[in-house]
Amino acid sequence: MHTGTLNQGTGSTLAIRVDNLTKSFDGLVAVDGISFTIESGEIFGLLGPNGAGKTTTISMLSTMLKPTSGTATVNGHDIVTGEDDVRKSIGIVFQDQSLDEELTAYENMDFHGRLYRIGGEERRRRIGELLALVGLDDRKDDLVKTYSGGMRRRLEIARGLLHEPKVLFLDEPTLGLDPQTRNLLWEYIARLNDETGITIILTTHYMEEADRLCDRVAIIDRGTIIALDTAENLKASIGGDVVTIASPDPDAVAGLLTAPWISGIERHDGSVTIRLQDADRHIPGIVTAIHQSGIGITSLSVRKPTLEDVFLHYTGRTIREEEVSGKEAMRMFHRAGRR
């Protein structure tokens, strides 16, 4: 993975350009006029809750869906007029597994290579190299139905690389995996980018995944990109430390916090989140003021900002809260459609 910040306009080759891309389904706007660019060799993350438009975005970029409006190019090819060239130059690993469980890992890879008309000797060489890259060479002759969830994801990534794409799309690559397997897969993705220089665009709703893997992160909510930068810059943009105070009366607590060194206040889930510099120096005064006003404190925590705090800052909601409201909205949409 690249360790330096990737800036636009540096002369590097663009792998992806998106301009005002929009997708609507029967009046429901899933992606709403988004624009961004991705440099060659970059790991770029689309971070947001389920239903935010992440999968719809990469489905358009991979030519699986046609946009309602707007334009995009992948490896210099237009996603509408040059869809065949786009497909030849990309690899895709979607959320839903597409491996044949009754075939071995090698047979799954071999079948994919034949679809792309990769010659026999070259196909065998690439299969061996890629299975070694994802740590499956010693299990290549085992049926996929005997594989764990993490092994299957690694095999899908290897298969997606077999035809040597310039861009790899990973849609929620660690969804449903246990924390240990998730960490191992992160290591494989980072090593893949380091060793091959392939451009990777991934969607995720895991904050740590975006923070750890991505050179830059676009936070997407309700079909719109609300912030885009490196993870460090996004966290720095909301300022200082984060203090969360849980109280029976969070509105009263928020009303007391008017000092000029407080850069931001949000209320949610019965607590108040405060952003400020040098929290350790100011916390005693905050606690004293709250107690003197007769307001109770249930708990208090101090930490550095996370991408969850960035999402909360821009939307007023946590990703979990947004996922709950998004699911309810979809249920209402489906109920209305049945009337």
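The values are calculated or read from the model by the stated rules, or taken from the named source; none is laboratory data. What you see is a predicted model; the values in this text were computed from it and never measured. Cβ sites come from the backbone with ideal geometry, for glycine too, and all protein chains shown count toward neighbours.
PHE36 falls short on exactly one of the conditions (1) part of a strand (DSSP E or B); (2) at pLDDT 95 or above; (3) crowded, with 21+ Cβ neighbours inside 10 Å; (4) within 18 Å of the chain's Cα centre (by Cα), and that condition is (3). Scanning the stretch 12-21 for residues that are out of contact with any Asp or Glu (no Cβ under 6 Å at 6 or more places or on another chain) and surrounded by 13 or more Cβ atoms within 10 Å (Cβ to Cβ), which turns out farthest from ASP85 (Cα to Cα)? Ranking the qualifying residues of the stretch 12-21, first place goes to ASN20. Among the residues of the stretch 271-323, the ones that are of a type in the set (Val, Ile, Thr), surrounded by fewer than 19 Cβ atoms within 10 Å (Cβ to Cβ) and more than 20 Å from ASP211 (Cβ to Cβ) come to 6 in all.
So which pairs qualify, if the first residue must be in the stretch 53-69 and touching a residue at least 60 places away in the same chain (Cβ under 8 Å), the second must be among the acidic types (Asp, Glu), the Cβ gap must be under 7 Å, and the two must be at least 6 apart or on different chains? Here the result reads THR55/ASP171; ILE58/ASP171, each pair linking the stretch 53-69 to a residue that is among the acidic types (Asp, Glu).
Please find, among GLY119, GLY113, the residue that is crowded, with 18+ Cβ neighbours inside 10 Å and either over 13 Å from GLY91 (Cβ atoms) or small (Gly, Ala, Ser) (or both).
It is GLY113.
Among the numbered conditions (1) buried (at least 22 other Cβ atoms within 10 Å of the Cβ); (2) more than 19 Å from TYR206 (Cβ to Cβ); (3) modelled with pLDDT under 90, the only one that GLY160 does not meet is (1).
Report yes if some residue within the stretch 272-284 is in a helix (DSSP H, G or I) and touching a residue at least 40 places away in the same chain (Cβ under 8 Å); otherwise report no. There is at least one residue in the stretch 272-284 that is in a helix (DSSP H, G or I) and touching a residue at least 40 places away in the same chain (Cβ under 8 Å). Checked against (1) modelled with pLDDT under 90; (2) at positive phi, GLY197 passes all but a single condition, namely (1).
Annotation note: of LEU192, LEU170, LEU175, LEU162, the sole residue that is touching a strand residue (DSSP E or B) at 6+ places or on another chain (Cβ under 7 Å), in contact (Cβ under 8 Å) with a residue 40 or more places away in the chain and of a type in the set (A, V, I, L, M, F, W, C) is LEU170. Being within 22 Å of ASN20 (Cα to Cα) and in contact with a Ser or Thr (Cβ under 9 Å, 6 or more places away or on another chain) is a description that does not apply to LYS66. Report, by residue number, each residue of the stretch 68-78 that is buried (at least 17 other Cβ atoms within 10 Å of the Cβ), of a type outside the set (S, T, N, Q) and farther than 16 Å from GLY33 by Cα. Answer for the stretch 68-78, where residues must be buried (at least 17 other Cβ atoms within 10 Å of the Cβ), of a type outside the set (S, T, N, Q) and farther than 16 Å from GLY33 by Cα: VAL74, HIS77.
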